[in-house]
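*Asks:* Here's a structure for you.
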Amino acid sequence: MRKLVRRILLGCAAAVGLAVAAAVVWLAVPAPLLPQAAAALQSSAGVSVKQTAQWIEFLPLQAPADTALIFYPGGRVPAAAYAPAAAAIAAQNFAVFVVSMPLNLAVFGKERAAAVQAAHPQIVHWVIGGHSLGGSMAAQFAAEHAGAVAGMVLWASYSPADLAEQDLQVLSIYGELETGAPTFTSAAARALLPPGARFIALAGGNHEQFGYYTGQLADPPASIARADQQAQIVAATVALMRSVANN
């Protein structure tokens with residue numbers, strides 16, 4: 001009997017070990033990028049793009065920017081997936097810093113926004129944001145560093161921390177079709193944000209089309225083109241950035 005119990009326990013331990021190993025391998029493999037991501041990493045006539053060890057920076061060339069967005073990627077999503085949107089935002093005369101994360105998981109790099117800010121003292125107005133897990137970690141940073149940012153944008157995400165009393169301009173934008181939409185707009189999620197927080201639902205949008213990558217698990221197909229969803233995301237984010245800049 002003891003031998004049988006021992007074999008069962010060993011079998012269970014082995015199964016758990018394999019499951020953990022598989023999860024680690026899965027987490028370590030980044031989501032595949034679409035070709036548009038690489039193309040947007042090239043500087044253009046209006047935007048300078050530079051990759052550093054910890055972030056990708058998009059700087060407008062028409063005039064020095066005094067308002068900037070620090071952006072945290074979604075889980076398993078490389079920073080480059082957000083290059084097309086970042087370049088489009090930068091073209092409106094805002095600096096954008098898309099932060100690279102350890103293992104592509106923002107939970108391991110939540111404090112990296114501080115390094116971005118320290119490296120760019122010329123920026124007057126800071127906005128922080130992110131997609132999915134990145135948005136939640138951006139919100140956590142804002143909660144733990146009150147006054148460090150003047151605005152926050154959540155792309156298909158929610159705040160795990162209480163920001164209701166902070167003086168922040170907040171935008172929450174999400175795809176109408178994605179499975180997490182009820183969570184992003186729940187009474188509990190709204191209660192953690194400042195009273196003036198704005199919520200925008202993208203009709204026909206899903207989770208994956210917030211970036212240029214593939215392989216998002218359990219994500220319903222979008223009923224609008226990725227380019228259309230991206231255009232709406234950029235327009236809403238730029239509107240928030242302008243509001244922060246003019247405040």
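No value in this document is a laboratory result; all are computed from the given coordinates. Everything quoted here is computed from the prediction, not taken from an experiment. Neighbour counts are summed over all protein chains in view; Cβ atoms, including those assigned to glycine, are modelled from backbone coordinates with ideal geometry.
*Asks:* Between Gly204, Gly135, Gly175, where does the largest GNM mean-square fluctuation fall for the chain, given springs only between Cα atoms within less than 10 Å?
*Replies:* Looking only at Gly204, Gly135, Gly175, the largest GNM fluctuation is found for Gly204.
*Asks:* Could you calculate, for segment 32-246, the ratio of the Cα radius of gyration to the Kirkwood radius, expressed as Rg to Rh?
*Replies:* 0.93
*Asks:* With runs of 4+ DSSP H residues as the only contributors, calculate the mean residue ellipticity of the chain at 222 nm using -39,500 (n - 2.57) per run, divided by the residue total and rounded to the nearest 500.
*Replies:* One gets -11000 deg cm²/dmol as the mean residue ellipticity at 222 nm.
*Asks:* Counting other C-beta atoms within 10 Å, which of Phe199, Phe141, Phe58 has the fewest, and how do the rest follow?
*Replies:* Phe199, Phe141, Phe58
*Asks:* Whole angstrom only: what separates the Cα centroid of segment 57-78 from the Cα centroid of segment 138-160?
*Replies:* 15
*Asks:* Cut-off is 10 Å between beta-carbons; in what order do Arg198, Arg226, Arg76 appear when sorted fewest neighbours first?
*Replies:* Arg198, Arg226, Arg76
*Asks:* Given 25 °C and 0.890 mPa s, how large is the Stokes-Einstein diffusion coefficient of segment 65-116 in µm²/s, with Rh as the Kirkwood radius over Cα pairs?
*Replies:* Diffusion coefficient, whole number: 217 µm²/s.
*Asks:* Under 15 Å from the Cβ of Val124, count the other residues' Cβ atoms, weight Lys and Arg +1, Asp and Glu -1, and hand me the total.
*Replies:* 0
*Asks:* Given Cα positions, please report Rg to Rh for segment 94-199, the hydrodynamic radius being the Kirkwood one.
*Replies:* 0.95
*Asks:* Would you mind ranking Met152, Met137 so that the residue whose beta carbon has the fewest other beta carbons within 10 Å leads the list?
*Replies:* Met137, Met152
*Asks:* Sticking with this structure for a sec: Mean Kyte-Doolittle of at least 1.0 plus a Cα span of 18 Å or more along the axis: flag which DSSP H helices in the chain meet both, please.
*Replies:* 2-28
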